[in-house]
1. May I ask you to list pairs of residues, at least six apart or on different chains, whose Cβ atoms are under 8 Å apart, with the first in region 10-35 being of a type in the set (Val, Ile, Thr) and the second being outside any strand (DSSP E or B) and open to solvent by 30 Å² or more (accessible area, probe 1.4 Å)?
2. Of the residues THR91, THR52, THR100, THR58, which is at pLDDT below 95 and β-branched (Val, Ile, Thr)?
3. Please specify each residue of region 25-49 satisfying the condition of being more than 16 Å from THR91 (Cα to Cα) and modelled with pLDDT of 95 or more.
4. What strands (runs of 3 or more DSSP E) lie completely within region 1-116 and have 1 or more residues being open to solvent by less than 70 Å² (accessible area, probe 1.4 Å) and among the small types (Gly, Ala, Ser)?
Amino acid sequence: QVQLVESGGGLVQAGGSLRLSCAASRGTFSTVRMGWFRQAPGNERNFVAVITNNGDNTYYAASVKGRFTISRDNTKNTVYLQMNSLKPEDTAVYYCAAATRGYLPTAENWYAYWGQGTQVTVSS
């Protein structure tokens, strides 16, 4: 079992930045792929970014590429999502998730463990 706890959400003006963190309880954090997803009100949950277990490769949704950066610190069992140049359409609940299979999984069903989510609101 892996427990994930997100933090760092909040209210920010358009053009601003936020950094989300996701702390994992699992001692073998370095063996799992970590992803970020988001869900806006009335919408389905969508893929945002993913990072390999050792951090050597990443993949992003087209809507955030060039603005968001995913990274991880395996010594702290933590994955981060640095979000720059935020837009009102980035407003959503952001979830981190852990996958024990796949290389850079983008589909929800590859992820076995999920955090509770953190709200990000971008005002115009």
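1. THR31/ASN53; THR31/THR100; VAL32/ARG26; VAL32/ASN53; VAL32/THR100
2. Answer to the check: THR100.
3. ARG33, MET34, GLY35
4. 4-7, 10-13, 18-24, 33-39, 46-51, 68-73, 92-99
The values are calculated or read from the model by the stated rules, or taken from the named source; none is laboratory data. What you see is a predicted model; the values in this text were computed from it and never measured. All Cβ positions, even for glycine, are placed from backbone atoms using ideal geometry, and neighbour counts span all protein chains on display. The area values use the complete protein model at the heavy-atom level, side chains included, leaving out ligands, DNA and RNA. Shrake-Rupley method; radii C 1.70, N 1.55, O 1.52, S 1.80 Å.
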